[in-house]
Amino acid sequence: MTAFLRTRRLSRTLKTRADVEAWQAERITAWLRETVAAAPFYRGRRIEKLDDLPVVDKSVLMAAFEKFNRAGVTREEGWRAVESGRPPKGYSVGASTGTSGNRGLFVISHAERYEWLGVIVAKLLPGFPLEKARIALILPLNTALYGAVNRTGRLRLRFFDLRRGVATLTPEVVAFRPDTIIAPPTVLRWLAEHDRSLRPKRLFSSAEVLDPIDRDIVEARYDIRLREIYMATEGLLATSCAHGTLHLAEDVVHFELEPVPESDLVSPIVSDFTRETQAMARYRMNDLLRLKNDACLCGSPLRAVAEVVGRSDDIFVLSRAGGEGSIPVTPDVLRNAILNADRRIADFRLAQTGRRTLSLTLPKDLLAETVEAACAALSNLLRNMGAEARIAAVQQDLPPPTVKLRRVERRWRAEET
């Protein structure tokens with residue numbers, strides 16, 4: 001309840017960027033002294049401010065996992081706890097889905113589970129605690145975080161394992177009668193297209209990039225605004241306000257936003273100053289964000305995100321036409337080229353399979369002229385950027401998702417050749 005009340009209070013008292021920065025400075029100073037300095041990885045360092053810490057990433061964290069958590073849980077012990085469901089006493093251990101092929105671990109105390117719950121409930125459910133909520137959580141991986149929800153008495157959460165398939169889960173979701181659904185956007189879209197009985201009051205997209213084609217279908221079916229939750233192994237990173245704008249959770253996380261070369265995007269380095277068991281300090285993520293240039297109508301001083309674009313490891317690296325070197329192409333640019341080629345394109349998959357080869361998959365029911373238009377749009381985009389690539393297009397059924405969907409995916413790596 002402490003975290004819930006604090007989050008609600010901060011939503012009223014943080015009115016300017018100066019207020020946000022002052023709040024962060026106060027909390028970070030204590031966190032550096034009490035949590036970060038106590039983690040074995042940082043012992044012996046002089047730590048007075050965040051800049052005194054090195055930037056770390058998943059490979060560094062996983063290579064020395066026991067040095068980043070005060071519980072002394074090793075990477076091997078963490079994986080055994082995830083697989084057996086028997087965490088160390090007093091702690092919970094969770095893992096990411098690992099859709100990029102590199103899964104991450106986290107360890108938290110039971111108190112931190114309720115810290116997370118208080119923050120997210122305060123941000124997502126404005127009517128709580130006066131209003132109850134029945135929450136259907138449809139994701140490819142359950143974690144100990146979600147179990148804390150049902151301890152409140154006013155919330156009822158049920159987890160639905162997406163790995164079983166959305167078609168299999170749908171009757172169970174309907175029978176649960178949720179008023180709130182949290183799921184990847186492609187799952188929400190599948191429900192919108194195949195079920196007519198669900199009547200949710202609130203919808204939240206999570207775990208995947210929210211593409212306009214999915215948003216439009218979901219909002220048209222349910223006639224409510226689709227909001228977003230941006231969350232990862234690294235913690236709760238952003239939530240949408242009532243106006244639908246995604247705001248960084250700067251009341252619990254400090255963000256350093258690095259510009260991505262040759263784009264208007266940024267990539268976050270996060271420091272979660274609510275974490276006490278595992279130090280998540282200056283942790284470089286591989287996500288790509290586009291910040292919103294104008295202020296949100298809600299008046300929040302928390303920085304607004306126009307779009308979570310994708311991952312930096314899905315930036316295509318293509319050969320420069322007629323010359324040496326390569327050209328990076330971000331996922332949003334490729335996605336927009338395909339969708340703008342023909343309004344009949346409502347789904348696709350695009351993969352870089354080689355230095356000069358792309359694979360485009362489109363639904364079977366599209367006309368040949370639509371496929372040709374998509375290929376032409378991609379070709380024109382790359383030509384104008386000075387890149388060179390052959391595009392192989394195929395048409396086939398695009399099945400409903402069972403794990404996180406990446407419509408744009410770089411499968412080829414230069415070091416593999």
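The values are calculated or read from the model by the stated rules, or taken from the named source; none is laboratory data. For clarity, every value in this text was computed on a predicted model and none was experimentally measured. Backbone-built Cβ (ideal geometry, glycine too); neighbour counts: all protein chains shown. All accessible areas refer to the heavy atoms of the entire protein, side chains included, with ligands and DNA or RNA removed. Shrake-Rupley method; radii C 1.70, N 1.55, O 1.52, S 1.80 Å.
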Helices (runs of 4 or more DSSP H) within the stretch 1-74 that include 2 or more residues hydrophobic (A, V, I, L, M, F, W, C), open to solvent by less than 50 Å² (accessible area, probe 1.4 Å) and under 19 Å from Met280 (Cβ atoms): 17-31, 58-63, 65-68
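With the requirement that a residue be small (Gly, Ala, Ser) and open to solvent by 10 Å² or more (accessible area, probe 1.4 Å), what does the stretch 180-205 give you?
Passing the criteria: only Ser197.
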Identity of the residue in the stretch 176-227, part of a helix (DSSP H, G or I) and among the aromatic types (Phe, Trp, Tyr), that ends up farthest from Pro400 (Cα to Cα): Phe176
Residue among Asp332, Asp251 that alone is in a helix (DSSP H, G or I) and out of contact with any Gly (no Cβ under 6 Å at 6 or more places or on another chain): Asp332
Filter result for Arg27 (under 26 Å from the mean Cα position of the chain (by Cα) and under 29 Å from Arg303 (Cβ atoms)): yes
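Among Phe41, Phe4, which is within 24 Å of the chain's Cα centre (by Cα) and hydrophobic (A, V, I, L, M, F, W, C)?
When all the criteria are applied, what remains is Phe4.
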Any pair with Cβ under 6 angstrom, 6 or more apart, that starts in the stretch 90-117 at a residue that is modelled with pLDDT of 85 or more and β-branched (Val, Ile, Thr) and ends at one that is part of a helix (DSSP H, G or I) and open to solvent by less than 30 Å² (accessible area, probe 1.4 Å): Val93/Gly78; Val93/Ala81
Selection status of Leu289, closer than 30 Å to Asn69 by Cβ, modelled with pLDDT of 95 or more, surrounded by 18 or more Cβ atoms within 10 Å (Cβ to Cβ) and under 16 Å from the mean Cα position of the chain (by Cα): yes
Answer residue from the stretch 391-414, given it is in a loop (DSSP other than H, G, I, E, B) and at pLDDT 85 or above and is most open to solvent (accessible area, probe 1.4 Å) among those: Arg411
Condition check for Ala351: at pLDDT 90 or above and either open to solvent by 20 Å² or more (accessible area, probe 1.4 Å) or more than 29 Å from Leu191 (Cα to Cα) (or both): no
Residue check for Ile224: among the β-branched types (Val, Ile, Thr) and more than 19 Å from the chain's Cα centre (by Cα): yes
Filter result for Glu208 (open to solvent by 10 Å² or more (accessible area, probe 1.4 Å), in contact with a Pro (Cβ under 6 Å, 6 or more places away or on another chain) and among the charged types (D, E, K, R)): yes
Hits in the stretch 256-282 (condition: within 19 Å of Tyr230 (Cβ to Cβ) and not in a loop (DSSP other than H, G, I, E, B)): Glu256, Leu257, Glu258, Val266, Ser267, Pro268, Ile269, Val270, Ser271, Asp272
The one condition in (1) part of a helix (DSSP H, G or I); (2) modelled with pLDDT of 80 or more that Tyr146 fails to fulfil: (2)
Checking Arg343 against (1) free of Cβ contacts under 8 Å to residues at least 12 places away in the same chain; (2) assigned to a strand (DSSP E or B); (3) not hydrophobic (A, V, I, L, M, F, W, C), the condition it does not meet: (2)
Single residue of Leu360, Leu366 found to be buried (at least 17 other Cβ atoms within 10 Å of the Cβ) and under 15 Å from Leu334 (Cα atoms): Leu360
Matching residues, the stretch 160-175, being outside any helix (DSSP H, G or I) and buried (at least 21 other Cβ atoms within 10 Å of the Cβ): Phe160
Positions within the stretch 246-265 being of a type in the set (Val, Ile, Thr), modelled with pLDDT of 95 or more and touching a strand residue (DSSP E or B) at 6+ places or on another chain (Cβ under 6 Å), in sequence order: Val253
Number of the condition not met by Val270 [criteria: (1) under 14 Å from Ala304 (Cβ atoms); (2) under 16 Å from the mean Cα position of the chain (by Cα)]: (1)
